[in-house]
Every structure is written in C-alpha cells, then in structure tokens.
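The values are calculated or read from the model by the stated rules, or taken from the named source; none is laboratory data. Values in this document were obtained by computation on a predicted structure and should not be read as measured data. Here the Cβ positions follow ideal geometry from the backbone for every residue, glycine too, while neighbour counts run over all protein chains shown. With ligands, DNA and RNA removed, areas are computed over all heavy atoms of the protein, side chains included. Shrake-Rupley method; radii C 1.70, N 1.55, O 1.52, S 1.80 Å.
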Amino acid sequence: MGEKRSKGGCCGWFIALVILALVVGAVVYTVKKKIDNADSDKPAPVPGPPGAIEQRYASALKIAMQFFDIQKSGKLENNKISWRGDSALEDGKQAKIDLSKGMFDAGDNMKFGFPMAFTASVLSWAILEYGDQMDAVGQLEPAQDSLKWITDYLIEAHPSENVLYIQVGDPVADHKCWSKPESITEERPLLQVNTSSPGSDVAGETAAAMASASLVFKKTNPTYSGTLLKHAKQLFTFADDNKELYSVSVPEVATYYNSTGFGDELLWAATWLYHATGEDSYLQYVTGQMGDDYAEYGSPTWFSWDNKLAGTQVLLSRISFFKAKGLSSSYGSGLQKYRKSAEAVMCGLLPNSPTATQSRTDNGLIWVSEWNALQQPVASAFLASIYSDYMLTSQTPKIKCDSESYTPKDLRNFAKSQADYVLGKNPLHMSYLVGYGNKFPKFVHHRGASIPANAKVGCKDGFKYLDSPDPNPNVATGALVGGPFLNDTYIDSRNNSMQAEPSTYNSAVIVGLLSSLVTTSSAVLSLS
C-alpha cells in the first residue's frame, strides 16, 4: 500500500508540474502575442535613398535587361547583341507608315500590339517606381531606351485618332517558317482596329502604355512626353466610345492573344491618364459607374497581359496611401474599394494568410497556368513589392487578412521567394533566367538564338536548327522562359514551347521585380 501511495504521489506531482508548465507557457504565449501585436502596430522605418545593393538581384537585373535588345526590330542603334542585325525594315510600308521598330513578341518574328503595349506599361511603371534603384546599378538608361523603342513604334501604329495598327505579320505563315528576323522573306500583313472594327482592350492598353511612358519622359524629353500623352488621350477616347473586344472585331487575333474583357484595360488606361494629367475626369471614370461595372471589387485576380485589374487596384491604392493634394473627398469611397481589393490580392499571395491561394507548387511558386507559368508569380511578386513600399513610405504598419496581420516585410519576403525560385532556389537548382547562374535552359524556343549568326537559311531549311540536338549557338541572355510544371519539373527542349519559349512581357515583369529588390528606397509620393 505504501509503495502504491509513493508512486501515486510522484505521478500527482508530475501531473501538477505539467499543468503548471502549460499554464506558464500559455501566459508567456499570450504576453508575447500581445507584444508582437503591439510591435506590428508600429510602422517600420521609412527607407531613405537607395541603400546597400543586393548583388544577386543586381546581376540578374543587368542580365534580364538584355533580352529587350535581343527582341528589337528595325535598324539597330548601338547594337550590343553580336548575333542580331537589322530586320523588318519594310514593316508598315504598304500603309505608308514606319512600323520597323517595336519588339518581336517571343521566340517568333511576330509583332503583337496587345502584349507589346503591356510590356511598355509595366516597364514604364517599373521605371517610375524604381528608377532610382535601377540607376544605382546602371540600368535606368537601358530601361528608358528599351521603352522608347516600343513607344516609337506605338506612335507610328496610331496614324489617326480612330485607327490603331495592332499586328505586323501573319502568325500562320510565320509559324510555318523557322528563320531569324534578319532573314524574313514572307509577307508582313497589317491588322488594325478602327470605328468599324473597334478594340477597346488593345486601344486601352496602348493608351495606358503611352500615358505611363509620358511620365517617364516628362522631364528628360518633354516634347516627346507631350506627344505620347496626346496619343494616349485620343486612344482612350476611341476605346471608350467604341466598346468591343478586339478579338471579336478581328477574329484572327484570338488564336494567340485572345482578350477575355476590355473593362480592365479601360480602367487601367484611365488610371494612368489620371496620374499623367491630374485631371479629375479620369478619377471619376474609375471610381464611378465604370468601376462598379468592371472593377470586380474584392475579387482577387492575376495580373497579366490579359487582365490588368490587380495592377489597377495597386496603382490606385497609391493615391489613398499618399493622399493626393486637392483631391475631392467624393472619390474616397471608390478609392477605398480599390485599396481593399488590392489588399485582398496581397492576402491571397502571402503563403501563411488565412486567405492564401492554393495555386502554387509544393515549393512555394505561385502557379496558375502550364503555358508561360512564370508570368503570374513574377507579376504578383512585382505588385507585392510595390504595395510593400507604399506601406513603408506611408508608415502603414500592417494589413489585415481575416484575423491575421501582415507587415510590409512579409510582402517583401514573398516577393523575394518568387524571385529566388526563378533564379535557382528550386528543386532543379536551375535558373529560369537565361544567362544567370551556372545552370539555365540551353534549348530556348527562340529562332534567332537557335540559328548560327552566319547561317544563310530561308523559311523552311531553318527547321533543322529547331530539331538539332545541340544547344542554341547563341545565348538568349536575359530571356525568362515559360517556366516549370506544377510538379516543379522542366523539359529543356526547343520543341517544348509551353515551357521553353520566352516573351518580351515576361521580361517586363522580371525587370520590374528585380528592380524592386536590388536595393531599398522610399516610394516616390507622386508619379507626375
């Protein structure tokens, strides 16, 4: 009996100690939680001018910028790419306009106006938000030069108020050839939108590109900036007065860049025009009935060449973050809806958020589509960086995602996670940015890169290079390929266009993301 009592006493003391430890642990956890919550209410310090350089991002940015030079069409100036030369010099001649500039879309020799204009919009935005950081690593001037190469083309593509040329080349004929741009022999027909065959999406996107670019060149080239702004206003009016999908008016474009709506482009264009002009009419446009009809408040979407809503929400958020002077209070509720929608986008991206999207790989990469899988994660990370910097500069300590709070640092960490995955922190230990690191795709689906610079090949005989077992003779430096499958795998094959084809608009979003991460600085309070 005594032995049993002794054991029972030990057991009782042990249970008491466990309960005490649990109570103490709960008290400590509660106190720590309160301290953490109190700390999260304190805004982080506002960054000053550009600080210490993150060398891996600086190196990646310099590499990524080079793909724009690879994609240039026309008579090349100060050509830095040894295996590229003048090309498509006759583009637009049949319409008595010069469409020789611009950039080839991807691995082919086509000029598609819709994604090209998106490339210009995003590149402009990156320069406007992070030009000081680009400048800190010597990449601001190359970014401006690449942007102007596109906007020079867009000005030519808009010869009158209600006419916009939206495509150069026949994709069916182009895809029957495997030839480098310098060897183009096939016909280069033109497609346009006009009042009889309107396209609010492509015209709206082009207006956004020109309005945003007008801000980039406002101080350095005011005459050029004014020209861009005039075109932007005309195109926006054309797009708004003649509402229609361009893929309905011009059905042949639907195979490659089918548009799923035009409301997002109209809101995106009006937002950029507000920033470029300061005119209340554009802000009234986005916060009024058009916002109710097309903004999809509170419903997170993916930022891409086809859908600009998330970008619009973040871009309009900067107005409420930085309280534009003289802004009428009547816009407050509308702007707040956009900001709340932008926060919903951010909450969906943060991996530990209660509302986190499940659209990601096991290794944390946002993953939405097997075609060009990297567009959404890189574009999302770019938006997260921008929003993080808006929060820091405006001394906004946190955002709420249901019951949880998250800081600007959480958003920046998410952005870094996506960039790091792209640059090699993935199961394959491979960089998806061609030319970065020791391991990157060698069989990029790209005509110019796959054909030796001195080879004389026509339309058909170039296919031997598509099917060659050898790596590309020319490195498409800076190309961001399509990316991995959902299971984090990648097949390095030129015939695998789903994964191995780069695009110019992919370059725009990766340049934006890397520019945001290359160092830190406070956000500019106004884009104008």
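Taken together, the residues in the range 117-128 that are in contact with a Leu (Cβ under 8 Å, 6 or more places away or on another chain) and either among the polar types (S, T, N, Q) or open to solvent by less than 10 Å² (accessible area, probe 1.4 Å) (or both) amount to 5.
For the range 139-183, filtered to residues that are part of a loop (DSSP other than H, G, I, E, B) and open to solvent by 50 Å² or more (accessible area, probe 1.4 Å), the residue that is nearest to GLN234 (Cα to Cα) is GLU161. Scanning the range 413-451 for residues that are of a type in the set (Ser, Thr, Tyr) and farther than 25 Å from SER515 by Cα yields a single hit, SER450.
Just need a number here: residues in the range 86-97 that are open to solvent by 20 Å² or more (accessible area, probe 1.4 Å) and small (Gly, Ala, Ser). Residues that pass the stated criteria total 1. Those helices (runs of 4 or more DSSP H) of the range 244-303 in which at least 3 residues are within 20 Å of ILE166 (Cα to Cα) and touching a helix residue (DSSP H, G or I) at 6+ places or on another chain (Cβ under 7 Å), considering only elements entirely within it, cover 254-257, 263-277. When the range 312-329 is limited to residues that are small (Gly, Ala, Ser) and either modelled with pLDDT under 95 or exposed (fewer than 15 other Cβ atoms within 10 Å of the Cβ) (or both), the one that is nearest to the chain's Cα centre (by Cα) turns out to be SER320.
Residues satisfying the criterion are absent from the range 176-196 (criterion: in contact with a helix residue (DSSP H, G or I) (Cβ under 9 Å, 6 or more places away or on another chain), within 30 Å of GLN55 (Cβ to Cβ) and charged (D, E, K, R)).
Within the option set ALA508, ALA523, being modelled with pLDDT of 95 or more, over 17 Å from the mean Cα position of the chain (by Cα) and open to solvent by less than 40 Å² (accessible area, probe 1.4 Å) holds for one residue only, ALA523. The single condition among (1) touching a strand residue (DSSP E or B) at 6+ places or on another chain (Cβ under 7 Å); (2) polar (S, T, N, Q); (3) at pLDDT 95 or above that SER59 does not meet is (1).
For the range 400-425, the set of residues classified as more than 17 Å from VAL46 (Cβ to Cβ) and open to solvent by less than 10 Å² (accessible area, probe 1.4 Å) consists of CYS401, PHE414, ALA415, GLN418, ALA419, TYR421, VAL422, listed by residue number. Within the option set ASP241, ASP306, ASP280, being without any contact (Cβ under 8 Å) to a residue 40 or more places away in the chain, out of contact with any Leu (no Cβ under 6 Å at 6 or more places or on another chain) and open to solvent by 10 Å² or more (accessible area, probe 1.4 Å) holds for one residue only, ASP241.
The number of residues in the range 66-83 being open to solvent by less than 10 Å² (accessible area, probe 1.4 Å) and either farther than 22 Å from ARG447 by Cβ or outside any loop (DSSP other than H, G, I, E, B) (or both) comes to 5. Counting only helices (runs of 4 or more DSSP H) that fall entirely inside the range 395-486 and contain at least 2 residues that are charged (D, E, K, R) and more than 30 Å from ASN109 (Cα to Cα), the qualifying elements are 408-422.
Against the list (1) surrounded by 23 or more Cβ atoms within 10 Å (Cβ to Cβ); (2) in a loop (DSSP other than H, G, I, E, B), the condition MET346 fails is (2).
Here is the figure for the range 362-388: residues that are open to solvent by 10 Å² or more (accessible area, probe 1.4 Å) and either over 18 Å from the mean Cα position of the chain (by Cα) or more than 30 Å from THR489 (Cα to Cα) (or both) total 3. Looking only at residues of the range 320-329 that are touching a residue at least 40 places away in the same chain (Cβ under 8 Å) and part of a helix (DSSP H, G or I), we find that the one that is farthest from ALA295 (Cα to Cα) is PHE322. Has the range 252-274 got any residue that is at positive phi, surrounded by fewer than 22 Cβ atoms within 10 Å (Cβ to Cβ) and either hydrophobic (A, V, I, L, M, F, W, C) or over 22 Å from the mean Cα position of the chain (by Cα) (or both)? No: the range 252-274 contains no residue that is at positive phi, surrounded by fewer than 22 Cβ atoms within 10 Å (Cβ to Cβ) and either hydrophobic (A, V, I, L, M, F, W, C) or over 22 Å from the mean Cα position of the chain (by Cα) (or both). Looking at LEU99, is it hydrophobic (A, V, I, L, M, F, W, C), over 16 Å from the mean Cα position of the chain (by Cα) and farther than 24 Å from LEU215 by Cβ? Spelling it out, LEU99 is indeed hydrophobic (A, V, I, L, M, F, W, C), over 16 Å from the mean Cα position of the chain (by Cα) and farther than 24 Å from LEU215 by Cβ. Inspect all residues belonging to the range 330-338 and state whether any of them is buried (at least 24 other Cβ atoms within 10 Å of the Cβ) and either in contact (Cβ under 8 Å) with a residue 60 or more places away in the chain or part of a helix (DSSP H, G or I) (or both). Among the residues of the range 330-338, at least one is buried (at least 24 other Cβ atoms within 10 Å of the Cβ) and either in contact (Cβ under 8 Å) with a residue 60 or more places away in the chain or part of a helix (DSSP H, G or I) (or both), which makes the answer yes. Residues that are in contact (Cβ under 8 Å) with a residue 60 or more places away in the chain and of a type in the set (A, V, I, L, M, F, W, C) were ranked within the range 456-476; the one that is most open to solvent (accessible area, probe 1.4 Å) is PHE463.
Checking each residue in the range 209-238 for being open to solvent by 10 Å² or more (accessible area, probe 1.4 Å) and of a type in the set (A, V, I, L, M) picks out LEU215, VAL216, LEU229.
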